[in-house]
Amino acid sequence: MNQYQIAVVVGSLRRDSFNRKLATAVARLAPPEFIFEQVQISDLPLYNQDDDGNPAEPVKRLKAAITKAQGLLFVTAEYNRSLPGVLKNAIDHASRPYGQSVWKDKPAGILGVSVGATGTAMSQQHLRNVLAYLDVPTLGQPEVFVQAKDGLFDEAGNIGEHSKKFLQDWMDNYVAWVKKHTP
């Protein structure tokens with residue numbers, strides 16, 4: 001049985017982030033050959049092209065984690081109807097210097113949860129635009145725009161009963177997507 005290492009990039013730094021909880025809970029819906037590892041992005045410096053030749057240690061760590069992964073999972077908040085700056089900063093670091101992006105050809109999925117009724121729809125659309133430019137094949141359907149409500153997570157931090165079938169269906173599609181796009 002092949003193992004698939006999935007780099008999880010959570011676009012929220014908040015300690016009690018709904019998106020970090022979603023990333024952890026949805027990973028539990030995957031088959032055992034899928035191993036999800038959340039990538040730390042909180043200590044990345046702001047991207048500066050002057051540093052491309054001598055990247056900081058957190059940048060090297062990020063690029064190494066993405067390089068070793070067979071797939072990507074982005075779980076993002078929505079700030080001001082777009083993706084969080086911390087997520088864009090991580091994407092920029094790992095895509096540079098020009099021509100040396102570690103994102104290219106890594107199959108990706110996108111999820112997000114927000115207190116708003118439309119979940120993270122705008123953030124995800126902006127993220128899809130960025131990933132398309134970086135040649136990241138991104139699962140298109142089903143889309144997941146989750147509103148944070150009571151019962152989304154159970155007492156143990158798993159996906160609650162009302163959302164479990166929907167998110168399991170998403171995970172099944174994501175697993176097939178990664179396998180399709182992994183040599």
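Table for the structure above
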read-out	value
Cα-based reach from Lys63 at 25 Å (exclusive), listing lysines while leaving out same-chain residues under 8 positions away	Lys21, Lys88, Lys104, Lys106, Lys179, Lys180
Cα-based equivalent ellipsoid of the chain: semi-axis lengths in Å, sorted from largest, via gyration tensor	26, 19, 15
DSSP-defined antiparallel bridges as percent of all bridges, the chain, nearest 5	10 percent
The chain: relative contact order in percent, alpha carbon pairs under 8 Å with at least 6 residues between	24 percent
Cα centroid separation - the range 88-119 against the range 16-59, whole Å	10 Å
Likely footprinting exposure, Glu33, Glu143, Glu155, fewest C-beta neighbours within 10 Å first	Glu155, Glu33, Glu143
Computed magnitude of the charge dipole of the chain (debye, nearest 20; Cβ of K, R +1, Cβ of D, E -1)	120 debye
The range 38-100: C-alpha gyration tensor shape, a/c 1.5 cut-off, then a/b vs b/c	oblate
Highest-MSF residue in the chain out of Tyr47, Tyr133, Tyr79 [GNM, Cα springs under 10 Å]	Tyr133
3J(HN,Hα) from dihedral phi, the range 122-137, Karplus parametrisation 6.51/-1.76/1.60, rounded to Hz, x for glycine, proline	5, 4, 5, 5, 5, 5, 4, 4, 5, 5, 4, 4, 8, 6, 9, x
Whether the range 81-120 is rounded, prolate or oblate, judged on the alpha carbon gyration tensor where a/c under 1.5 counts as rounded	oblate
Ranked Phe166, Phe18, Phe153, criterion: other C-beta atoms within 10 Å, fewest first	Phe166, Phe153, Phe18
Mean Cβ count within 10 Å, highest first, over the residues of peptides 118-128, 61-71, 103-113	103-113, 118-128, 61-71
Burial ranking of peptide ranges 21-30, 49-58 (average Cβ count within 10 Å, highest at the top)	21-30, 49-58
Residue-span extension gain [Asp52 to Thr182] - 0.36 nm each, minus C-alpha spacing	44.0 nm
Mean ellipticity per residue at 222 nm, deg cm²/dmol - from DSSP H runs of n ≥ 4 across the chain, formula -39500 (n - 2.57)	-11500 deg cm²/dmol
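We did not get these values from a lab; they are worked out from the coordinates using the rules stated. Since the model is a prediction, treat every value here as computed from it, not as a measurement. Methodologically, a virtual Cβ is constructed for each residue, glycine included, from the backbone with ideal geometry; neighbour enumeration extends over all protein chains shown.
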